[in-house]
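The next block holds one structure in the form of C-alpha cells; read it before the comments.
Derivation of every value follows stated rules applied to the coordinates shown; laboratory data play no part. These numbers were taken from a predicted model, which means no experiment stands behind them. Don't worry about glycine lacking a Cβ; one is built from the backbone with ideal geometry, like all the others, and counts go over all protein chains shown.
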Amino acid sequence: MGLTLRKLVRALAFSLLLATAAASLAQLQVSFWVPFIQANPQQSGLSLSVATSQLNYCPGEAVIITGTLLNNGDPVPSAAVIIQVTKPSHATIFADMPATNGVGQYSTAFTLPQSADEGAYTVYAAYASSSAQTIFWVGAITTTTTTTTSSTTTTTRTSTGRPSWLDIAASPTVIDEEKGETSIVQVRIIPPMQGKIVRLEISTDLSNWRILAVGCTGADGLATMGWSPSSEPHGTYYLRAAWDGDSNYQGAESQVLAITVVPEFSNPIALTLLFSILLTMFVYKNCARKPPSSGGR
C-alpha cells in the first residue's frame, strides 16, 4: 500500500510539472509574439489613413496615393509607411515605403500599365499595428445584368449606370466559442453613399448562402454589423456582402472572408491539464492492480 501511495504521489507531481511547464511555455509564446502584433505602449493611439486621387482610372493613368499617420491626434514624422497595391487577381502590382513629412502626411504614385486588368484594385497601408485600405476601379463602365441565386433567395442585381464595389473587413476572424466572442463586420460602399441597404451573407460551403444580417450605410458609406456564433457549431464560415444598386450605380458583391470558430478545448493549457488528469488516473489504476510483493522484509 505504501508503494502504491508513493507512486500515486509521484504521478501527481509529474502531472503538475507538465501543467506548469505548459503554462510557462504558453506565457513564453505570448511574451514573444505580442511585440510583433501590438503597438508600442507609447504609440497605442496610432491612426493611419489612405486614399487615392480618384475612384476610377483608365489603363496608362497615374495613381496617386496619399494618407496621414497620427498618434493620439499628433502627427508622426519620418515614419516609413508600407504601401501595397493588388490587382483584381490579388497579385501585387505596386509596393513602396514612403516616409511621412513633418505633419504626418505621406504620398506615393505609380502608373497603371496599358494592359492593366479591369476591376477593383486594393490599396493597403500599414505602420506598426495600424493599417488602412481603400479601393479604386480600373476599366470602362459596363451595363450588364447579373442574377445571383442562393439556397434561400434569388436576387436580380441592377447593373445600369456607373460601377460600384464593396469592401468588407471583420475582426476577429478567429472566434473562441467558449468566450462567446462577437466578430464585428464592416461593409463599405465605394463611392460612399448614405442610406443604402447592404446584406451580409453566410455560407459553410461557398455554394449555399443565406442572409445573416442587413445594414444601412452612413454618410461615409459604411455599415457595421456583428455576428456572434453562439448557436453555430465550430468550423469555418464564409461571409460576403452585397447590395442591389440603384438608378445611378450598379450593384456589387464583396470578396469572401473566412471566419473560424474554434471549439472550447482548443486552449493548449486546458488540453495539457486534461492529459495530466488522464495520465494520473492511468498510473493509479495500474498501481492498484499490481499485487504486493511477497518477498522483502
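Key figures
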quantity	calculated
Potential extension, Ala51-Thr260 segment - 0.36 nm per residue separation minus Cα distance	72.2 nm
Where labels lie 7 Å past Cα in the beta-carbon direction, separation of Gln194 and Glu118 in nm	3.3 nm
Theoretical FRET efficiency, 1/(1+(r/R0)^6), r = Cβ-Cβ of Ser131 and Leu222, R0 22 Å, to 0.05	0.85
Fraction of the pair-distance distribution of region 44-140 above 20 Å, Cα-Cα pairs, percent	34 percent
